[in-house]
Structure formats: structure tokens, C-alpha cells
1. Along its three principal axes, how long is region 268-310 when you only count alpha carbons? Whole Å, largest extent first please.
2. Over region 1-150, average the accessible area per residue using a 1.4 Å probe and give it in Å², no decimals.
3. Hey, can you find the accessible area per residue of region 154-313 for me, probe 1.4 Å, expressed in square angstrom?
4. Multiply the residue separation of His150 and Leu7 by 0.36 nm, subtract the distance between their alpha-carbon atoms, and state the gained length in nm to one decimal.
5. Taking 0.36 nm per residue of separation and subtracting the Cα-Cα distance, what length does fully extending Lys67 through Glu97 add?
6. What whole-number distance in Å separates the alpha-carbon centres of region 1-75 and region 134-182?
7. Take peptides 281-287, 124-130, 53-59 and line them up by average Cβ neighbours within 10 Å, highest first, as a rough protection proxy.
8. Show that you can apply the helix-only estimate: for the chain, add -39,500 (n - 2.57) for every DSSP H stretch of four or more residues, divide by all residues, and state [θ] at 222 nm to the nearest 500.
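The values are calculated or read from the model by the stated rules, or taken from the named source; none is laboratory data. In this text, all values refer to a predicted model and were calculated from it rather than measured experimentally. Positions of Cβ are backbone-derived with ideal geometry, glycine not excepted, and every protein chain shown enters the neighbour counts. Just the protein is used for accessible areas: all its heavy atoms, side chains included, with ligands, DNA and RNA removed. Shrake-Rupley method; radii C 1.70, N 1.55, O 1.52, S 1.80 Å.
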Amino acid sequence: MTTTRTLPMTVPAQDLPPRVRIHEVGARDGLQNEKSVVPTEVKAEFIHRLAAAGLTTIEATSFVHPKWVPQLADAEDLFPRLGDIGGVALPVLVPNERGLDRALALGARRIAVFGSATETFAARNLNRTVDESLAMFEPVVARAKADKVHVRGYLSMCFGDPWEGPVPVHQVVRVAKALIDLGCDELSLGDTIGVATPGHVQDLLSELNEEGVRTDTIGVHFHDTYGQALSNTLAALQHGVTTVDASAGGLGGCPYAKSATGNLATEDLVWMLDGLGIETGVDLDGLTATSVWLAEQLGRPSPSRTVRALSVR
């Protein structure tokens, strides 16, 4: 790959934010869906390379019970290996108070809880109802906030559910507002099975605003099952959203929702944002090289179109 890229040509569009923060989820959401366990040293190297490429928020791992996500069973071993990454936020997923204890013991200062907008997915993912899961999160968030730890609330199945079908906007808004009311600093709206379309995205964002959820507390997390992730992201940017989740190389899915395919590839997102003149601080060539390297470790090509295009030039 050459570092003298002249494309994409920068052509700004009106009424878009000047800068977007990419919440990189490849090391957690991406690798948790791998069939085989990725060695801890490879995960650590992956995160270091992502940081070197300019990503400033890199979700590192998850403190769930190893029985449920064996691919991330090495959280206690991995997280201390990242202490030399200065200036980069390293959030971790915690499902309950036990997970919080484990994360805090290692010095984590940013955590995330993971809820569902639908009852079926809540039962399959958390073995609880939606309201029971919120009750489980309440002491986690309260303890984290008391310790001045930043809390992100993930909300899955915001646009459609493989078992329940369409998810009413008011149903999503209720759970989203509940997460904010618990004390979450940030809310990530997940299109877990990739069925959202731009009008649906803007309608949900508008309804959240009407219920008092500020746009600057919202991030979006799109999967590319139907090729809509970038168009949905653009719709969110037009609404004023400035935090976008993405996964290097397009890794990931969801182990509890079989129809969930890969996340929006970070490289595809950066290509679009570069073309729009929106700052991210990410070096696309360095990021692409990182995804090519990881694909070699995993033994298969990256699904990202941008990675494939840039790596054969």
C-alpha cells in the first residue's frame, strides 16, 4: 500500500458535524464472534495498532462470565497489557456487579452495560426481562458513577428483532430513556440485525429528542446486513450525531442473534468521512494495514470493501 493516496476527493456537505468520534468495537464486539479463540498477545497487538492508527476510543474487552463468551475469557490477562497506551479511552463491557468488580480491580475507567429493546433478546442474551435487566444495571451504574467512571449504555434491537419483527419506536424510546435515567453518560443505539433504513433512524432520533434524550449523548451502532450501514450513519450525522461505532475490518456480529452479520467497517466509515471533510484523526492507510494484518492472523480476508480496495493497489 502506498501512503500517497489522493482519493477520496474531499467534497464537504452542508449541515454535517465537523468532527466525528469513532468508537472502535473490533477488539470486543468483533472478536467475540470468532469461532476460535484469538491469542491474548494478538488482541493486545491489535489494540496497540488501532491506537497507532489514531483511534482514541477502543473498546478493549468484556468482563462477562467465560461460559457465555469464551472468546473474551482472557480479560484479566489482556487489560493490564494495555496500560502503556496513553491518551486512548479503553471502555470494557460489564454485565453485572461482579463484572464491574473485575473491571474496577484492573483500573478500568470506562464501562458499558448492554440492554435490549425487546423481551425475546433480553431473555436470550441476559436471561431476564427488559425491566429485570434494567434493575440489574441500576447498582452497576450507580457504583460506577460514584467512582467517577464513565458509563455507556448499549441498547440492542432498536430497529428490528429476528424473533419479534418490527420494534415500535416508542418501545425503544422507553428503554433508552430508562438507561439515561439510570445515569448512563452515553447511549449507543444498536441495529443488531442490520435492518434499519435512514428514515427510521431519523424518526427514532427525533422521538428520543422529544423525550429529553440529547443528541450529544447518542451514538449509533449499525450492522451492514442489507448494505445500509453507511446510509444510516449519514442519516444520523445529518441529525447531529457525532459518535459512531465501527469495527476495524468489518469484524463481528452477535453470538445471540444468528441473523446479525458484520459491523460497519471502520475503514468504510473513514473513507466516507474523509470524503465529506469530517475530521476523525484516523490514518486510513495505517488502519487498513492493521486490518490486513489481523485478517492474516485470523486466516481469512477482511470483509471491508475499503480494506480490499486499498490493499490491492
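1. Cα spread of region 268-310 along its principal axes, largest to smallest: 34, 17, 12 Å.
2. Per residue, region 1-150 has 47 Å² of solvent-accessible surface.
3. Accessible area per residue, region 154-313: 36 Å².
4. The span from His150 to Leu7 would gain 47.8 nm if fully extended.
5. 9.1 nm
6. If we compute the Cα centre of each part, the gap is 22 Å.
7. My ranking of the peptides, most packed first, is 53-59, 281-287, 124-130.
8. Computed ellipticity for the chain at 222 nm equals -11500 deg cm²/dmol.
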